[in-house]
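Step one of this worksheet: look at the structure below.
The values are calculated or read from the model by the stated rules, or taken from the named source; none is laboratory data. All values reported here derive from a predicted model rather than from experimental measurement. Here the Cβ is made from the backbone with ideal geometry for all residues, glycine too, and neighbour counts use every protein chain on show. These area figures cover heavy atoms from the full protein model, side chains too; ligands, DNA and RNA do not enter into them. Shrake-Rupley method; radii C 1.70, N 1.55, O 1.52, S 1.80 Å.
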Amino acid sequence: MRPWMLAFVIALFLHGHAAAEPWPTADPKAAGWSMPKLAAVEEASKALKPAAFLIVQDGKAIASWGDVTAKINVASVRKSLLSALYGIAVSKGRIDLSKSLASLGIDDKAPALTDTEKTATVRDLLMARSGIYHPAAHETKAIKRKRPERGSHAPGSFWFYNNWDFNALGTIYRQLTGEDIFQSFGTRIARPLGMEDFSPADGRYATEAASEHPAYPFRLSARDAARFGQLYLNGGSWAGKQIVPAAWVKESTTAYSWTKRGRQGYGYMWWVLSPEEWGPNAAYAAGFGGQVIAYVPSKKLVVVQMVDLKQTPEGIKTSDFLKLLKQIAAAAP
C-alpha cells in the first residue's frame, strides 16, 4: 500500500472515534459522598461475590472492586446493546419499526409462524409483545416453563419476556443493515466511546436446533459496560457527538408494559425503573446471573455489576442489586 493510501485509511479509521482513555476518578469524600454508607455498600456487594463492581458519578469513577477489566458474558444485557444499534439504524432510515414480519420474510423452523403471528411488527418485538411463542435459542428454564401457548395472545396485546423476539430482532438487524451485529457495535458504539477492552471477537452467534434465529451473546468488561451506561445517561451523546439519537434513548427507555418485577416497566429491550422511586428516566440493562448496567439521572449515576458464574454459580439476584443501587443513591450527594 502506498504511504498516502495508508495515511488515508488510518485517518478514515480514526475519524469520529474517541481514543481509549481510562475513566477519570474522583475522591468520593471530596465529592460529598457519605463514606460510611459507601463502605456499607462495598461490604454488602462483596458478600454477594460479583466479579466486578463499578460506580460512576458525573462521568468519574467513584469506587470499584473486583477486576473491572475482565470480560464477562453479559447474557441478556446484549438486548439493550442491540436496542442502541436499532436506534442508530432507525434514524438513518434503514429500519422501519412498523414493518410486519410477513413483509420482511421472517419465519422460523417447523412449526412455522402462522399468518397471524407474521402480522407482528418490529416494534412489537422490541417491546416483547410479538405474541410469537416459538421455541428460541438461549431461553432459561423459567422462560421455557412460563412461555404461553402458541396463538394465545394476538401480536401487540401481551407482554412476555421472550427470547424469540430478541433473537429475531438480531436477524432483522443483520438483514436490513447488511452489518454483523458485533462489527456494527464495535464501529458505531465501542470505538466512538473509547471502550478499552471490547473487540468484535467478543461476540458470537449461538444457534439451537429449534430455531433459525441465533442469540448473540457479548462479552464486556465492567469499565466498558459503564461507558454504555454513561452514553444513555448523557442522552445518547459522548464527547460532544450524538452517538445514539436522543429521541431514541427516551423512546427506548419509556415503559410500554408494567411487569411483575415490582414497579418496573419494559421499554425497547430495556428495564425501566419507577420514576416515583428513582426520579425520571432511570433504567437498566440486565442479564442472567446478575449482569447489570444501571443509570439514574437524578443522581448522575452509572452502576455496573458483573458476575462470573464459574466463580459465583448461584449468581446475584436482580432484587439484591437494586437494594445496593438504593444504598448507593442514598450515599451519593
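Overview of results
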quantity: Qualifying helices (runs of 4 or more DSSP H) (wholly inside the stretch 123-231; at least 1 residues being of a type in the set (Val, Ile, Thr) and within 16 Å of residue 75 (Cβ to Cβ)); calculated: 141-146, 181-185
quantity: Residue in the stretch 306-320 that is surrounded by 23 or more Cβ atoms within 10 Å (Cβ to Cβ), in contact with a Gly (Cβ under 8 Å, 6 or more places away or on another chain) and closer than 20 Å to residue 252 by Cα present; calculated: no
quantity: Per-region count, the stretch 25-76, residues on the phi > 0 side of the Ramachandran plot and in a strand (DSSP E or B); calculated: 1
quantity: Residue match in the stretch 272-279 (condition: assigned to a strand (DSSP E or B) and either within 17 Å of the chain's Cα centre (by Cα) or surrounded by fewer than 20 Cβ atoms within 10 Å (Cβ to Cβ) (or both)); calculated: yes
quantity: Residue 212 vs. criteria over 28 Å from residue 238 (Cβ atoms), in contact (Cβ under 8 Å) with a residue 24 or more places away in the chain, open to solvent by 10 Å² or more (accessible area, probe 1.4 Å) and under 18 Å from the mean Cα position of the chain (by Cα); calculated: no
quantity: Within the stretch 102-122, considering residues that are of a type outside the set (A, V, I, L, M, F, W, C), closer than 24 Å to residue 207 by Cβ and part of a helix (DSSP H, G or I), the one least open to solvent (accessible area, probe 1.4 Å); calculated: 117
quantity: Tally of residues being open to solvent by less than 20 Å² (accessible area, probe 1.4 Å) and not aliphatic (A, V, I, L, M) across the stretch 66-101; calculated: 6
quantity: Residues within the stretch 213-248 that are hydrophobic (A, V, I, L, M, F, W, C) and out of contact with any strand residue (DSSP E or B) (no Cβ under 9 Å at 6 or more places or on another chain), tallied; calculated: 4
quantity: Criterion (under 26 Å from residue 272 (Cβ atoms) and open to solvent by 20 Å² or more (accessible area, probe 1.4 Å)) met by exactly one of 237, 252, 199, 257; calculated: 237
quantity: Where a residue in the stretch 25-52 is under 22 Å from residue 223 (Cβ atoms) and open to solvent by 40 Å² or more (accessible area, probe 1.4 Å) and its partner, wherever it lies, is part of a loop (DSSP other than H, G, I, E, B) and among the β-branched types (Val, Ile, Thr), with Cβ under 9 Å and at least six apart; calculated: 48/307; 48/312; 48/316; 49/307; 49/312; 49/316
quantity: Any hit, the stretch 258-269, residues being farther than 24 Å from residue 122 by Cα and outside any loop (DSSP other than H, G, I, E, B); calculated: no
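Conditions (1) out of contact with any helix residue (DSSP H, G or I) (no Cβ under 7 Å at 6 or more places or on another chain); (2) modelled with pLDDT of 95 or more; (3) over 30 Å from residue 138 (Cα atoms), marked per residue:
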| site | (1), (2), (3) |
| --- | --- |
| 7 | yes, no, yes |
| 16 | yes, no, yes |
| 23 | no, no, yes |
| 34 | no, yes, yes |
| 39 | yes, yes, yes |
| 55 | no, yes, no |
| 63 | no, yes, yes |
| 67 | yes, yes, no |
| 80 | yes, yes, no |
